[in-house]
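Engineer: Below are the structure tokens for one structure; questions will follow.
No value in this document is a laboratory result; all are computed from the given coordinates. The structure presented is a predicted model; accordingly, all values stated were derived computationally and were not measured. Using ideal geometry, Cβ is built from the backbone for each residue, glycine included, and neighbour counts are taken over all protein chains shown.
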Amino acid sequence: MKQYNMIINGEAGAASELADVINPATGQPFAQVAVGTPEDVDRAVAAAAEAFKSWSQTSDAQRQDLIHQLAVRLEDNMPELMEIVTKESGKPMGGLNGVGSGMEVGGSIAWLHVTADLELPVDVIQDDDAARVEVHRKPLGVVGSITPWNWPLMIAIWHIAPALRAGNTVVIKPSPFTPVATLRFVELANSILPPGVLNIVSGGPKLGAAITNHPGIAKIVFTGSSVTGKDIMRSAAGNLKRLTLELSGNDAGIVLDDVDIKAVAPKLVGACFHNNGQTCAALKRLYVPESIYEELAQEMASIAGQLKVGDGLEEGTDLGPLQNKRQLKIVEELTESARREGGRFLCGGQPLDREGYFFAPTLVADLSNGSRLVDEEPFGPIVPIIKYRDIDEVISLANDSPSGLGGSVWAKDIDRALEVGKQIESGSLWINDHGAIQPNAPFGGIKESGFGVEFGSYGLEEFTHIQTVKVVK
Ligand code: NAD
């Protein structure tokens, strides 16, 4: 079985302990990775701190050029990385609506290019006979990045690219469920970047805590669950680390009564089920007006019931397995509680009878807020469709959640959709879409979905601090 090492200060070290990485489509290990220790974190932070001295002083043009080179290196290794992403995350190579490993690696390349080209211009506040006052954006130092298992490579790039572009150095820790693509990317990147600029340690929550506690780290960028986000916020307080927290979502979609049911149903199924619902900003609760409830729900169920679920390496697969056994168990528990609470199963409702962590795409009618399946994030292929009577009611149902990542409204009348949408408490609002992101537009959560944004110049600024410079004439 192939082994993947950590990279610290540009060097791949031999680890004293190895861990298996499981392919969720088979339940069997396919690779082994190094298990890092707190001493490895110390070494990685020391290397990153040393590299920061020169990396922070390199010109913008030089950093831009090197980040573009990282994108090209990814592109040159795209087939290998796609296969790794499929094997470790379970997502298909192609996938429902093209949401698969091709999109993950392709998106990583696009994000690197776009982020490389971002600028951090000096803002001149005053320039007169008395003084010149400028606002500069400066890098923070060593950034600690901690990533989840659902989009392992793309989220790593979302953390690494702006951190490096702004002049920081990085210590990244991927999820122990899906460390391989990130380890391989960092290995490739270290043939381009100076030693110590990008370091990787692999391991679980304990190693994550060694990063969030570390006094040599200036900022944590974290994507994962709200529960872990709260732990991180507590442990980062030691040296007042800056934080970007991209956390759990339980996004609501609201359908208005003027939609074309046949046209909207496949789009809604895509928004709910792509990557098996294991996307932070997937549509996780769908609110449909009484007048079209049954017709839309049945139309969606007939589409979802025909999705091809299987090993992501097989061509034509729409949805792969859940990424891990723990997540499959959460989905099974929420299925059982929905049954007990009187949910009507329109399709799916059970795991597939085969090896691996497969669960049939599932739509559940006749539940409302207060049911666990509506109130909690399943992070899997099960979505409740909830009936509503009027707009005021549905807005309060949509906002009745501690999460506030994304939200959507689906309608022909765009003005009416915007009027409703603006009342949704969320960091992103989509009209006739859900979960669509792009590298030049900010994305982030409110409430317990976190704070700070990623992407574009707004996201880049999060990896800097302001220095105000006043020159008295
Ligand atoms: P998780 O919080 O369990 O783990 C995420 C990472 O944190 C892993 O690398 C893990 O090892 C590490 N970790 C765990 N405990 C830690 C601790 N105490 N200190 C430091 N590090 C620790 O999340 P997950 O199960 O990997 O991912 C699923 C969750 O992530 C879902 O809730 C999903 O909504 C969320 N998510 C959010 C976004 C977003 O952009 N908002 C994107 C993807 C996933």
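Engineer: Measure nothing fancy, just the Cα-based angle from helix 226-235's long axis to the longest principal axis of the chain, in degrees from 0 to 90, nearest 10.
Structural biologist: 30
Engineer: Per-residue HN-Hα couplings for region 108-123, Karplus 6.51 cos²θ - 1.76 cosθ + 1.60 at θ = phi - 60°, whole Hz, x for Gly and Pro?
Structural biologist: After applying 6.51 cos²θ - 1.76 cosθ + 1.60, I find 4, 5, 4, 5, 5, 5, 5, 5, 4, 7, 5, 10, 10, x, 6, 9 Hz.
Engineer: How compact and how long is region 69-155, expressed as Rg and Dmax of its alpha-carbon atoms in Å?
Structural biologist: Here Rg and the maximum Cα pair distance are 19.5, 64 Å.
Engineer: Output wanted: per-residue J couplings in Hz (rounded whole) for region 261-270, from phi through Karplus 6.51 cos²θ - 1.76 cosθ + 1.60, θ = phi - 60°, x for Gly and Pro.
Structural biologist: Calculated HN-Hα couplings, in order: 4, 5, 6, 7, 4, x, 5, 5, 4, x Hz.
Engineer: Over region 272-331, what portion of Cα pair distances is larger than 12 Å, expressed as a whole percent?
Structural biologist: Details: 1302 of 1770 pairs.
The share of Cα pairs beyond 12 Å in region 272-331 comes to 74 percent.
Engineer: Rg over Rh of region 1-145, using C-alpha atoms and the Kirkwood radius, what does it come to?
Structural biologist: On the way: Rg = 20.6 Å, Rh = 18.8 Å.
Using Cα coordinates only, the ratio equals 1.09.
Engineer: How big is the shadow of the Cα convex hull of region 400-473, averaged over all directions, in nm²?
Structural biologist: On the way: hull surface 30.4 nm².
Projected over every direction and averaged, the Cα hull of region 400-473 covers 7.6 nm².
Engineer: Another question, then. Share of antiparallel DSSP beta bridges in the chain, in percent to the nearest 5? Before the final figure, lay out each step's value.
Structural biologist: On the way: 31 of 72 bridges.
That works out to approximately 45 percent antiparallel.
Engineer: Evaluate the relative contact order of the chain (contact order divided by residue number), counting alpha-carbon pairs under 8 angstrom at least 6 apart; express in whole percent. Walk me through the numbers on the way to the answer.
Structural biologist: Values: 1151 pairs, mean separation 89.2, N = 473.
Computed value for the chain: 19 percent relative contact order.
Engineer: For region 236-292, what is the per residue volume of the convex hull drawn over the alpha-carbon atoms, in cubic angstrom?
Structural biologist: Working: hull volume 6.1 nm³, N = 57.
Per-residue hull volume (Cα only) is 107 Å³.
Engineer: Separate question: Please turn the phi angles of region 15-31 into ³J(HN,Hα) values with the Karplus equation 6.51 cos²θ - 1.76 cosθ + 1.60 (θ = phi - 60°), one per residue in order, whole Hz, x for glycine and proline.
Structural biologist: For region 15-31, the Karplus-derived couplings read 8, 7, 9, 10, 10, 6, 10, 8, 7, x, 6, 10, x, 10, x, 10, 7 Hz, x marking Gly and Pro.
Engineer: Taking amide H atoms as placed 1.01 Å from N in the peptide plane, list the residues 5 or more away in sequence, or in a different chain, whose amide H sits under 5 Å from that of Val364.
Structural biologist: Placed amide hydrogens put Leu346, Val383, Ile385 under 5 Å from Val364.
Engineer: On to the next question. Quick check on packing: order 414-422, 354-362, 128-136 by the mean number of other C-beta atoms within 10 Å, highest mean leading. Numbers along the way, then the final one.
Structural biologist: Values: 414-422: 15.1, 354-362: 21.7, 128-136: 11.8.
With the highest mean Cβ count within 10 Å placed first, the list reads 354-362, 414-422, 128-136.
Engineer: How do 157-170, 377-390 rank on mean C-beta neighbours within 10 Å, highest first? If you can, show how the numbers build up before the last one.
Structural biologist: Details: 157-170: 27.1, 377-390: 22.5.
The most tightly packed comes first, giving 157-170, 377-390.
Engineer: Give me, ordered by chain and number, the residues 5 or more places off Gly36 or on other chains with an amide H under 5 Å from its own placed amide H.
Structural biologist: Ser202, Gly203
Engineer: Once amide H atoms are placed 1.01 Å from N in the peptide plane, what residues at a sequence separation of 5 or more from Phe359, or on another chain, have their amide H within under 5 Å of its amide H?
Structural biologist: Here the answer is Leu322, Leu352, since their amide H atoms fall under 5 Å of that of Phe359.
Engineer: Per the Kirkwood definition applied to all pairs of different Cα atoms, how many angstroms is the hydrodynamic radius of the chain? Provide the component values of the computation, followed by the final result.
Structural biologist: Numbers: mean 1/r = 0.0435 Å⁻¹.
Over the chain, the inverse of the mean reciprocal pair distance is 23.0 Å.
Engineer: Kindly provide the helix-only [θ] at 222 nm of the chain, computed as the sum of -39,500 (n - 2.57) over DSSP H runs of four or more divided by all residues, to the nearest 500 deg cm²/dmol?
Structural biologist: -11000 deg cm²/dmol
Engineer: Antiparallel versus total DSSP beta bridges in region 251-438: what percent is that, nearest 5?
Structural biologist: On the way: 4 of 25 bridges.
Expressed as a percentage, antiparallel bridges in region 251-438 total about 15.
Engineer: Can you give the three extents of the C-alpha atoms in region 251-438 along their principal axes, from longest to shortest, in whole Å?
Structural biologist: Here the Cα extents, ordered largest to smallest, are 48, 35, 30 Å.
Engineer: Here is a follow-up. Using only Cα atoms, tell me the angle between helix 60-76 and the longest principal axis of the chain; keep it within 0 to 90° and round to the nearest 10.
Structural biologist: Taking the Cα atoms of the chain, the angle to 60-76 is about 50 degrees.
Engineer: Over 28 Å between Cα atoms: which of Lys91/Lys412; Lys2/Lys206; Lys2/Lys325; Lys262/Lys325; Lys230/Lys308 fall into that group? List each step's numbers first, then the result.
Structural biologist: On the way: Lys91/Lys412 32 Å; Lys2/Lys206 25 Å; Lys2/Lys325 23 Å; Lys262/Lys325 35 Å; Lys230/Lys308 37 Å.
From the list (Lys91/Lys412; Lys2/Lys206; Lys2/Lys325; Lys262/Lys325; Lys230/Lys308), the Cα-Cα distance tops 28 Å for Lys91/Lys412; Lys262/Lys325; Lys230/Lys308.
Engineer: Packing-wise, with mean Cβ within 10 Å as the measure, how do 50-57, 464-471 rank, highest first?
Structural biologist: Result, highest mean Cβ count within 10 Å first: 50-57, 464-471.
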